[in-house]
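Below you'll find the structure, written out as structure tokens, and then a few comments.
The values are calculated or read from the model by the stated rules, or taken from the named source; none is laboratory data. The structure presented is a predicted model; accordingly, all values stated were derived computationally and were not measured. Here the Cβ positions follow ideal geometry from the backbone for every residue, glycine too, while neighbour counts run over all protein chains shown.
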Amino acid sequence: MTCLLPICICYTHNYERYIGKGVDSLNRATALLGAGAAIEIGGPTSSELTKNICSQEETCEALFNQIVGWNNPSHDRQQPNFEDIMNALESLSSYSNGMRFKNSEYNPAELAFIEVKSQKFSEPNSLNLAKSRLINIIAERVNQYNGQFKCSDSNTWFWNFWVKATNSCCWDIGTLNYDDCVDQSIHNFNDGYRYTDSEYSTFDPFQMTQLDNTTRIMHLHGSIFYGYRQDDKNDNYLENFFEDLYKFNSLKKSCDTWNNRSPNISQSGMQAIIGPIITGRRKSDKLLAYPYSYYYNVFQQSLLNNSSLLIVGYSFGDLHINSLLWRFKKTHGSNRRIVLIADFPKSPCCWNKDPLKMKWPTPDMYRFIANFFGQTDPFTSSIFQNPVKSLDGCVMLYVKGFKDAVENSENEILNFLTR
């Protein structure tokens, strides 16, 4: 989830679906929100989260810092973050358990060639504690800004944007963040959860198949309010999938269900925790339970059905998401309407049409900008421009952050995407 550059994508498309005797024509828009979309409403950057994690109590601090230090040799490379830490912890747990239970059919094949030399970093209790602490630290930090979101006047621009956007048309919003700030802004939305009088809600995929006048929200990488059902009776264990996530109304209630569970094992025999927060480097192995598997399918269909796309705060670092986005330009061609919102980290005087000279955007981001623009060289001017527009007029790239784009170009963005 590494993202220091906010980007926003939204797309709309008039399409027809057959219902009953006639045809219902709907206008919908799709948005993808990455980590950068939350920074200007108080969300932490990945580097800040990593520092929080590595400064914890002594029982976990040494292990966290050892992993970061090992991943950060003297040569120049990207600074490791909390996702690297989680990936290392899951790998260590996989190999440690494999050595303890050598005859298990779920052991990773690599174990035949690997030996964990230090008992200090292969002790199951320490590793399990470290994984739990990492998830809890992230959740606590997210809960801080999430709980204060609607109480701060400085965030009015954010929820006003989503109110205005969803009043103009219905949206399919995929968010990679763990908060519910978009949910708080919109109120009337469909996330597939069936609300009852109990302390948790159950996911019902059939609710999301109803393309009525309702915005759909998909928490593609989880939420701090997701947790596990604790009251399953023995006669239900064959019906209820062990990893399915339920939705609670507070972090405390969801967090109480997170611990004391058996680890999830991927097809390769490696640990891949299917939990309320999807992080690490094995995300595609962690999206097999509800609601993730269905959200992923809905998001994929929305990219196929809609020709306008808005991306906020996404650094194009998740391969499973990238595989869907890459086909967007080819699918919709000259009908596409794309808005990218990024935060250029330098002052305008540092602008250069050569990304190597201005050290922005990242290679992954540049590849997608070129793809969306349909231009090998998307930056054609040495003069700072906001937005940067594609030659065919189908794509706009705002480079001064989400808040600036909303406060200065809100109508331009929404009119462009919904025309």
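Residue by residue, here is whether (1) surrounded by fewer than 13 Cβ atoms within 10 Å (Cβ to Cβ); (2) closer than 20 Å to SER308 by Cβ; (3) polar (S, T, N, Q) holds:
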| site | (1), (2), (3) |
| --- | --- |
| TYR145 | no, no, no |
| THR156 | yes, no, yes |
| PHE161 | no, yes, no |
| ALA165 | no, yes, no |
| SER168 | no, yes, yes |
| THR175 | no, yes, yes |
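Considering only residues in the stretch 180-223 that are surrounded by fewer than 19 Cβ atoms within 10 Å (Cβ to Cβ) and in contact with a Gly (Cβ under 7 Å, 6 or more places away or on another chain), the one that is modelled with the lowest pLDDT turns out to be GLN207. If you go through the stretch 334-347 one residue at a time, do you hit one that is more than 21 Å from VAL406 (Cβ to Cβ), among the charged types (D, E, K, R) and modelled with pLDDT of 95 or more? So far as the stretch 334-347 goes, yes, one or more of its residues are more than 21 Å from VAL406 (Cβ to Cβ), among the charged types (D, E, K, R) and modelled with pLDDT of 95 or more.
For the residues VAL339, VAL298, the requirement of being aliphatic (A, V, I, L, M) and over 30 Å from GLN375 (Cβ atoms) singles out VAL298. Which of the residues that make up the stretch 265-305 are polar (S, T, N, Q) and touching a strand residue (DSSP E or B) at 6+ places or on another chain (Cβ under 7 Å)? Selection gives GLN271, SER302, ASN305.
Report yes if ASN260 is surrounded by fewer than 18 Cβ atoms within 10 Å (Cβ to Cβ), at positive phi and not β-branched (Val, Ile, Thr), otherwise no. Yes; evaluated as a whole, the condition is true for this residue. Among the residues of the stretch 41-49, is any farther than 25 Å from LEU319 by Cβ, buried (at least 24 other Cβ atoms within 10 Å of the Cβ) and either at pLDDT 95 or above or in contact with a helix residue (DSSP H, G or I) (Cβ under 8 Å, 6 or more places away or on another chain) (or both)? Checked the stretch 41-49: no residue is farther than 25 Å from LEU319 by Cβ, buried (at least 24 other Cβ atoms within 10 Å of the Cβ) and either at pLDDT 95 or above or in contact with a helix residue (DSSP H, G or I) (Cβ under 8 Å, 6 or more places away or on another chain) (or both). If you go through the stretch 269-307, how many residues are outside any loop (DSSP other than H, G, I, E, B) and among the small types (Gly, Ala, Ser)? Total satisfying the criteria: 3.
Residue pairs whose Cβ atoms lie under 6 Å apart, sitting 6 or more positions apart in sequence or on different chains, and linking a residue in the stretch 393-419 that is of a type in the set (Ser, Thr, Tyr) to a partner that is surrounded by 21 or more Cβ atoms within 10 Å (Cβ to Cβ), are TYR398/ILE341; TYR398/ALA405; THR418/THR12.
When residues in the stretch 181-222 are screened for being among the aromatic types (Phe, Trp, Tyr) and assigned to a loop (DSSP other than H, G, I, E, B), 1 of them pass. Scanning the stretch 224-268 for residues that are part of a strand (DSSP E or B) and at pLDDT below 80 turns up just one, ILE265. Residues in the stretch 336-358 that are of a type in the set (Lys, Arg) and surrounded by 14 or more Cβ atoms within 10 Å (Cβ to Cβ) were compared, and the one that is farthest from LEU32 (Cα to Cα) is LYS353. Reported count of residues in the stretch 236-257, each being buried (at least 17 other Cβ atoms within 10 Å of the Cβ) and of a type in the set (S, T, N, Q), is 2. Residue pairs whose Cβ atoms lie under 7 Å apart, separated by 6 or more positions or on different chains, with the first residue in the stretch 308-336 and part of a helix (DSSP H, G or I) and the second surrounded by fewer than 21 Cβ atoms within 10 Å (Cβ to Cβ) and of a type in the set (Gly, Ala, Ser), are HIS320/SER284; LYS329/GLY374.
When the stretch 149-169 is filtered for residues that are more than 21 Å from the chain's Cα centre (by Cα) and in a helix (DSSP H, G or I), the ones remaining, listed by number, are LYS150, CYS151, ASP153, SER154, THR156, TRP157, ASN160, VAL163, LYS164, ASN167, SER168. In the set (1) touching a helix residue (DSSP H, G or I) at 6+ places or on another chain (Cβ under 8 Å); (2) among the basic types (Lys, Arg); (3) farther than 30 Å from THR202 by Cβ, ARG282 fails one condition alone, (3). When the stretch 359-384 is filtered for residues that are buried (at least 16 other Cβ atoms within 10 Å of the Cβ), in a loop (DSSP other than H, G, I, E, B) and in contact (Cβ under 8 Å) with a residue 24 or more places away in the chain, the ones remaining, listed by number, are TRP360, PRO361, THR362, GLY374, PHE379, PHE384.
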